[in-house]
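Here is the structure we will look at, set down as structure tokens.
Each value in this text was obtained by applying a stated rule to the coordinates, not by laboratory testing. Quantities reported herein were computed from a predicted structural model and do not represent experimental measurements. Backbone-built Cβ (ideal geometry, glycine too); neighbour counts: all protein chains shown.
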Amino acid sequence: MRAVVVGNGEKPSQALWNRLMEGNPVVLCADGGADTAYGYGVVPHAVIGDLDSLSSDARAEVSPEHLVCIDADNTGTDVQKVLRYAVDLGVREAIMVGFTGGRTDHWLWNLSMLKLFGDAMSLCIVDDHCEVRLVRERVKMHAQIGQKISLTPLGGEAVGITTRGLKFALNGEALALGVRDGISNEVVGSPVEIRVERGDLLVVVQREDYFEPVEWMTT
């Protein structure tokens, strides 16, 4: 099952939203993310969270049995609650949108969800500027020549990184925050392949208007 999980952060453009809705995915909203779905005329399968930022207009469109109110506590944020719900629902692939912009602390925390739920489902975060995924041993993608791709550890050091198809190639090397970065690399051949032996490595693909969306390949 594939889902689009909608947060209450930066709203996607109409073009991005339309692309995300292709194939009729299950739409799950973290609290006020339902207002984004409502604005695009979509009634979500469920709205999950403490529901403190959900507007009355969006609430009125969702049947009560699909409003999953989980009281605010110290056991997790709304994004954790909606992703747990997705796992229990049987979702195995999810795209998170509306989880960037706004509060920087939330954006940084949301990146950690890629690791926390990465064993349960294929997960990425997208907005109109980029797409972010966690490399689990190996990722492979079709990308266009000249497209910018950045590699950065999620925390600590990522070791044994080898790339193919990037201008600044890595061959069994390490990246560490504040020591060595992999920012603004460039696609020179497709498909692009990235391997990591140890550590948590994020791959950030820039989404300029003149580039087609990256096609991720099964490895």
*Could you tell me, in Å, what Rg and Dmax come out for the Cα atoms of the stretch 134-217?*
11.9, 34
*Roughly how many nanometres apart are two label points built 7 Å out from the Cα toward the Cβ at K167 and L116?*
3.6
*Over the chain, calculate the relative contact order: mean separation of alpha carbon pairs under 8 Å at least 6 apart, over the residue count, as a percent.*
19
*Using the alpha-carbon atoms, what tilt in degrees (0 to 90, nearest 10) does helix 78-89 show relative to the longest principal axis of the chain?*
90
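Where the only charges are on Cβ atoms (+1 Lys, Arg; -1 Asp, Glu), what is the dipole of the stretch 36-161 about its Cα centre, to the nearest 20 debye? Spell out each step's value before the answer.
On the way: 11 positive and 17 negative charges, 131 e Å.
Rounded to the nearest 20 debye, it is 640 debye.
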*List the GluC sites (Glu not before Pro) in the stretch 124-182 that DSSP assigns to loop (not H, G, I, E or B) and whose Cβ has at most 12 other Cβ atoms within 10 Å. Which are they?*
E137
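Antiparallel versus total DSSP beta bridges in the chain: what percent is that, nearest 5?
Details: 35 of 55 bridges.
Antiparallel bridges make up about 65 percent of those DSSP assigns within the chain.
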*Positive-end extreme of charge dipole, the chain - chosen from S56, G165, G102 (charges on Cβ)*: G165
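With +1 assigned to the C-beta of every Lys and Arg and -1 to the C-beta of every Asp and Glu, and no other charges, what is the dipole magnitude of the chain about the Cα centre in debye, to the nearest 20?
In total the dipole reaches around 780 debye.
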*Can you spot the aspartates and glutamates whose alpha carbon is less than 19 Å from K81's alpha carbon? Ignore those fewer than 8 places along the same chain.*
D31, D35, D50, D52, E65, D71, D73, E93, D105, D119
*Scan around D128 for amide H atoms under 5 Å from its own, H built in the peptide plane at 1.01 Å from N, and keep only partners 5 or more places away or cross-chain.*
S13
*Quick one: F99, F117, fewest Cβ neighbours within 10 Å first, how do they rank?*
F117, F99
*Among all the lysines, which ones have a C-alpha under 21 Å from K167's C-alpha, if same-chain residues fewer than 8 places away are not counted?*
K140, K148
*Could you state the number of Å between the C-alpha centres of the stretch 1-62 and the stretch 76-135?*
14
*Between E65 and S184, what FRET efficiency follows from the Cβ-Cβ distance if R0 is 41 Å, with the result rounded to 0.05?*
0.30
*Computed [θ] at 222 nm, helices only, for the chain once each DSSP H run of length n ≥ 4 contributes -39500 (n - 2.57)*: -5000 deg cm²/dmol
